[in-house]
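Report on the following structure.
The values are calculated or read from the model by the stated rules, or taken from the named source; none is laboratory data. Bear in mind the structure is a predicted one, so any value in this text is a computation, not a measurement. Virtual Cβ from ideal backbone geometry, glycine too; neighbours counted across all protein chains shown. In case anyone asks, the SASA skips ligands and DNA or RNA and just uses the protein heavy atoms, side chains included. Shrake-Rupley method; radii C 1.70, N 1.55, O 1.52, S 1.80 Å.
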Amino acid sequence: MRTLLLILFALPAFAQQKEAAAITAVYDSNAVAELYSTTPIGLIVRYKDGTERQTAGLLGGDLRWSQVTVETPFGECSNGVLRFNRNKIRPDNYKMRLLVTLRDQPSKQHEVMLQLPYLTGIRFQHYADSLKRGIHFYLNVEGIYNSGKIYPLDTSRIRFTASAGQLIGQDLLIPVTDSSTRKISVTAFYRGGNDMKIVTEIPVKQGPEDESMIIKNEKDVFSKPKKKRNPR
């Protein structure tokens, strides 16, 4: 009799449980997932009766992360923060496979695909029009992402070759004694795949700096007589 009563009391609870129809994952667009391998995420759970719930944290919902388990072969997720291996998700165009289990439906595991931002192109963005002998020229390369954002890239993501001069990290240097080079061709390769590369030609400034005009202008400024004020 006691067992029968327990079953009868449990039946309404089972009847009230809603079955999840689909789960969607989103990442924090402010976490710079384009460059870093950590980002807060949120889950949107849609039920078969048309209702939905969102996870706490990023989405500010009422579904606590203690009620959700997220597993992935490409990283780990703890309390709504996803840490992923960028190299492992690169072959699938940065799609992250998440396996989500809700605590009230422990027997069902949902496969959720999370699209993380990825690089679509690179470009040079020079700070100067020409390279001066004996002065470091910074090779500024920017990455363009499918998220619409643009970020500068360093040598951890870009590899350079140059037709002349010396590459020092991300700087290009041509010695003062080199008087024959007129321009330098520089190629930037994306380390994530050498099929993505760009080439630029940087002119080398010819001849010494012409300071004659600067000196003349300074003399003109200091040699001009001051205007006398008319007494009132």
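For the stretch 91-102, check the following and say yes or no: at least one residue is of a type in the set (D, E, K, R) and either more than 22 Å from Val32 (Cβ to Cβ) or over 17 Å from the mean Cα position of the chain (by Cα) (or both). So that I can check it myself, show each step before the final result.
Restricting attention to the stretch 91-102, the residues satisfying the condition of being of a type in the set (D, E, K, R) are 92, 95, 97.
Now drop any that are not either more than 22 Å from Val32 (Cβ to Cβ) or over 17 Å from the mean Cα position of the chain (by Cα) (or both), which leaves 92, 97.
Within the stretch 91-102 (the criterion being of a type in the set (D, E, K, R) and either more than 22 Å from Val32 (Cβ to Cβ) or over 17 Å from the mean Cα position of the chain (by Cα) (or both)), the answer is yes, since at least one residue qualifies.
Looking only at the stretch 101-133, filter to residues that are small (Gly, Ala, Ser) and in contact (Cβ under 8 Å) with a residue 24 or more places away in the chain; which one of those is nearest to Gly42 (Cα to Cα)? So that I can check it myself, show each step before the final result.
As a first pass, look at the stretch 101-133 and keep what is small (Gly, Ala, Ser): 107, 121, 128, 130.
Restricting the remaining residues to those that are in contact (Cβ under 8 Å) with a residue 24 or more places away in the chain gives 121, 130.
Numbers: Gly121: 28, Ser130: 47 Å.
Looking at residues that are small (Gly, Ala, Ser) and in contact (Cβ under 8 Å) with a residue 24 or more places away in the chain, I get Gly121.
Among the residues of the stretch 154-182, what is the count of those that are hydrophobic (A, V, I, L, M, F, W, C) and under 13 Å from Ile198 (Cα atoms)? Give the derivation first.
Taking the stretch 154-182 as the starting set, the residues that turn out to be hydrophobic (A, V, I, L, M, F, W, C) are 158, 160, 162, 164, 167-168, 172-174, 176.
From what is left, the residues that are under 13 Å from Ile198 (Cα atoms) are 158, 160, 162.
Of the residues in that region, 3 qualify.
Return the residue satisfying two criteria in turn: it lies in the stretch 51-69 and is of a type in the set (Val, Ile, Thr) and surrounded by fewer than 18 Cβ atoms within 10 Å (Cβ to Cβ), and of such residues it is nearest to Val100 (Cα to Cα). Full working, then the answer.
Residues of the stretch 51-69 of a type in the set (Val, Ile, Thr): 51, 55, 68-69.
Still in the running and surrounded by fewer than 18 Cβ atoms within 10 Å (Cβ to Cβ): 51, 69.
Numbers: Thr51: 18, Thr69: 6 Å.
The selected residue is Thr69.
Only one of (1) open to solvent by 70 Å² or more (accessible area, probe 1.4 Å); (2) within 24 Å of the chain's Cα centre (by Cα) is not met by Thr72, so which one is it?
(1)
Within the stretch 134-145, can one find any residue that is among the small types (Gly, Ala, Ser) and in contact (Cβ under 8 Å) with a residue 12 or more places away in the chain? Steps first, please.
Initial filter on the stretch 134-145 (among the small types (Gly, Ala, Ser)): 134, 143.
Then drop every residue that is not in contact (Cβ under 8 Å) with a residue 12 or more places away in the chain, which leaves 134, 143.
Yes, the conditions are met somewhere in the stretch 134-145.
Within the stretch 143-155, can you find the residues that are surrounded by 15 or more Cβ atoms within 10 Å (Cβ to Cβ) and out of contact with any strand residue (DSSP E or B) (no Cβ under 9 Å at 6 or more places or on another chain)?
Result: Ser147, single match.
Are there strands (runs of 3 or more DSSP E) fully within the stretch 31-133 with at least 2 residues that are of a type in the set (A, V, I, L, M, F, W, C)? List them.
Values: elements: 38-47, 52-54, 68-71, 75-78, 81-84, 95-102, 109-115, 119-124.
Hits in the stretch 31-133: 38-47, 68-71, 81-84, 95-102, 109-115, 119-124.
Read through the list (1) in a loop (DSSP other than H, G, I, E, B); (2) modelled with pLDDT of 95 or more; (3) charged (D, E, K, R), then give the number of the only condition that Glu142 fails.
Condition not satisfied by Glu142: (1).
Is there a residue being surrounded by 14 or more Cβ atoms within 10 Å (Cβ to Cβ), hydrophobic (A, V, I, L, M, F, W, C) and under 20 Å from Val68 (Cβ atoms) anywhere in the stretch 121-142?
Scanning the stretch 121-142, I find no residue that is surrounded by 14 or more Cβ atoms within 10 Å (Cβ to Cβ), hydrophobic (A, V, I, L, M, F, W, C) and under 20 Å from Val68 (Cβ atoms), so the answer is no.
Name the pairs: first residue in the stretch 156-172 and farther than 14 Å from Phe137 by Cβ and open to solvent by less than 50 Å² (accessible area, probe 1.4 Å), second residue at pLDDT 95 or above and among the β-branched types (Val, Ile, Thr), Cβ to Cβ under 9 Å, at least 6 apart or on different chains?
Short answer, once both residue conditions are applied: Ile158/Ile122; Ile158/Val141.
Assuming Val176 fulfils every condition listed in (1) open to solvent by less than 70 Å² (accessible area, probe 1.4 Å); (2) touching a Gly at 6+ places or on another chain (Cβ under 8 Å); (3) modelled with pLDDT under 95 apart from one, which condition is it?
Going through the list (1) open to solvent by less than 70 Å² (accessible area, probe 1.4 Å); (2) touching a Gly at 6+ places or on another chain (Cβ under 8 Å); (3) modelled with pLDDT under 95, Val176 breaks only (1).
Mind telling me which of the residues Val186, Val199, Val221 ends up being exposed (fewer than 12 other Cβ atoms within 10 Å of the Cβ) and either assigned to a strand (DSSP E or B) or modelled with pLDDT of 95 or more (or both)? Working first, answer last.
Values: Val186 fails: exposed (fewer than 12 other Cβ atoms within 10 Å of the Cβ); Val221 fails: either assigned to a strand (DSSP E or B) or modelled with pLDDT of 95 or more (or both).
Answer to the check: Val199.
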